[in-house]
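Here the structure is laid out as structure tokens; the discussion comes afterwards.
Nothing in this text is a laboratory measurement; each read-out follows from the coordinates by a stated rule. Treat the numbers as computed from the prediction; the structure is a model and nothing was measured. A quick note on method: Cβ atoms are made from the backbone with ideal geometry, for glycine too, and the neighbour counts reach across all protein chains shown.
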Amino acid sequence: MKPISELKGIGDHNPVMTWRFGADPWALVYNGRVYLYMTGDYPEYNENGELNENTYSKINTITCISSADLVNWTDHGVIHAAGETGAAKWGGNSWAPAAAYKRINGKDKFFLYFANSGNGIAVLSADSPTGPFTDPINGPLISRHTPACAEVTWLFDPAVLTDNDGKSYIYFGGGVPSPDKASDPGTARMAKLGDDMISLDGDPIAIEGVSYLFEDSGINRLGDKYYYSYCSNFSMTEEARKELGFDDGEIITMVSDKPLGPFRMRKGVLKNPGFFFEKGGNNHHCMFEFNGSLYIAYHARILEEKMGFLKGYRSTNIDKMTLDADGGPAVATGTRKGVEQIGSLDPYKAVKAVTMGNAAGIDTERADGPEGGFADSACENMILTGIKDGSWTCVYGADFADKAPSKIIYSVCGKGSGHVSVRTDKPDGEEIALIEVNADGKADIETTLVKSVSGKKDIYFVFEGEGYKPVEWKFV
């Protein structure tokens with residue numbers, strides 16, 4: 001049985017997810033994990049079943065994944081944010097999410113902000129970073145009726161900062177009102193959030209002097225400085241490029257001593273994805289700190305290119321950043337290799353089957369939720385589905401140390417049969433176990449290893465058969 005070809009290189013960490021598209025990433029660090037929230041790019045087809053160019057018009061979900069090591073990502077499914085089946089039923093779309101949390105009345109509360117296309121900002125709340133999310137105000141947090149917002153060309157792309165004193169701020173806006181205003185569009189806004197995180201504490205104000213603004217608000221506090229960032233537009237003159245030192249569609253930074261400015265121009269920190277991967281487009285990012293290092297998440301089109309089409313469907317990458325001598329973000333490089341793993345994965349604890357570093361020929365679904373997954377109360381949360389001969393998943397950097405496990409316990413649900421070949425280092429690497437599956441509901445299959453394994457290994461699960469749905473696994 002030949003494994004299905006990979007959609008990202010063996011050992012590569014970008015894009016972070018290959019089984020679903022995800023754009024406009026925002027990273028929330030909470031309890032030792034990074035939660036990524038992404039616009040749920042939705043494949044659009046015409047009446048002949050042919051893939052259309054991405055119009056963004058059908059997007060009303062937000063994808064959420066999380067990781068403790070930045071290379072193995074657990075799929076938490078999609079958040080139904082807008083539309084008839086969404087939390088914000090008044091909204092039509094959910095673009096460019098931003099997330100934050102705050103301790104309110106002794107309990108951590110989570111807030112998810114997103115754009116209703118280009119016409120306002122919604123906020124959802126939950127008791128968990130993965131939801132379920134509800135709409136606490138049953139309407140937009142920011143709309144064209146909000147002071148200083150009616151004239152904003154694109155009222156979208158929120159970014160949120162909670163400062164050291166517990167006060168929070170939101171940044172948003174973009175677009176070029178007319179060609180003569182390309183150098184200074186005047187469409188960036190910022191405001192203080194209320195202590196409840198679902199209201200504004202004062203009217204929004206303009207962010208002044210944002211040269212060649214296009215879209216994509218970002219905000220970070222590094223040391224005692226505040227860094228506002230954005231994507232430049234595509235109307236720069238050659239003279240402007242030379243004078244300002246940045247290019248079209250680049251991530252630009254500004255700096256201030258205060259969260260609400262004034263901000264002064266600084267420099268570009270990430271070229272357009274086309275500079276690194278040939279295929280360009282809009283540029284959307286967020287910078288985040290994790291385990292003492294700075295990273296940048298951004299989207300590119302390398303997944304759709306690998307899938308054999310170029311229709312504007314985006315996927316998220318993460319690369320490491322460093323700091324300049326002044327303590328601000330230095331210029332970053334987009335790569336396919338991605339970041340180094342932080343720590344390792346413990347194979348002796350139960351690992352969700354939807355925790356993956358790479359995969360091919362699989363899908364995921366919620367076993368007990370709105371995706372209409374397998375209706376079995378024993379199957380919890382997200383599970384693998386759609387497996388077929390040669391499809392596979394893997395985790396990077398499983399650390400077996402010197403314990404020499406003798407068995408693997410592999411849990412499945414669904415109805416079907418086949419085999420799961422457990423291999424090291426690559427999809428056709430050395431087989432350490434062959435798990436026989438005959439599923440009729442939930443089953444924990446205990447299989448003796450045929451080869452010993454120790455040290456740190458990449459572990460691949462190569463599937464044969466159909467109908468069964470992997471849930472989790474661990475070595476013993």
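Side notes on the structure shown:
- Residue-averaged 222 nm ellipticity for the chain, from DSSP H runs of 4+ at -39500 (n - 2.57), nearest 500: -1000 deg cm²/dmol
- Label-point gap, in nm, between Glu50 and Glu431 - each point 7 angstrom along Cα→Cβ: 4.3 nm
- Neighbour-limited loop hits for GluC sites (Glu not before Pro), segment 11-57 (at most 11 other Cβ within 10 Å; DSSP other than H, G, I, E, B): Glu47, Glu50, Glu53
- Shown here for segment 65-140: trypsin sites (Lys or Arg not before Pro) in loop regions (DSSP other than H, G, I, E, B) with at most 16 other Cβ atoms within 10 Å, namely Lys89.
- Tensor-based shape of segment 15-165 (alpha-carbon gyration tensor, a/c under 1.5 rounded, otherwise prolate or oblate): oblate
- The overall shape of segment 4-97 is oblate: from the C-alpha gyration tensor, with semi-axes ordered a ≥ b ≥ c, the ratio a/c is 1.5 or greater and a/b is no larger than b/c.
- Checking the cross-link pairs Lys306/Lys388; Lys2/Lys403; Lys267/Lys320; Lys403/Lys442 against a 22 Å limit on the alpha carbon distance flags Lys2/Lys403; Lys403/Lys442 as lying beyond it.
- Listed from fewest to most Cβ neighbours within 10 Å, the set Arg20, Arg423 follows the order Arg20, Arg423.
- A crude spin-label estimate for the pair Ile205 and Asp363, with each label 7 Å from Cα along the Cβ direction, gives 5.0 nm.
- Per-selection metrics, the chain (Cα): Rg and Dmax in Å: 22.8, 71
- Net lengthening on full extension, Glu151/His419 (0.36 nm per residue, minus Cα-Cα): 90.5 nm
- The charge dipole of segment 351-475, taken about its Cα centre with unit charges on the Cβ of Lys, Arg, Asp and Glu (plus for the first two, minus for the last two), comes to roughly 280 debye.
- Spatial separation of Cα centroids for segment 161-195 and segment 80-100, in angstrom: 20 Å
- DSSP-assigned coil residues among GluC sites (Glu not before Pro) in segment 209-290, each with at most 16 further Cβ atoms within 10 Å: Glu278
- Footprinting exposure proxy for Ser217, Ser229, Ser5 (fewest neighbouring C-beta atoms within 10 Å first): Ser5, Ser229, Ser217
- DSSP beta bridges in segment 77-231 [antiparallel fraction, %, rounded to 5]: 95 percent
- Residues His76, His299, His419, ranked from the fewest to the most other C-beta atoms within 10 Å, line up as His419, His76, His299.
- With the simple model of a label 7 Å out from the Cα in the direction of the Cβ, Lys279 to Asp324 spans 3.3 nm.
- Whether segment 351-475 is rounded, prolate or oblate, judged on the alpha carbon gyration tensor where a/c under 1.5 counts as rounded: prolate
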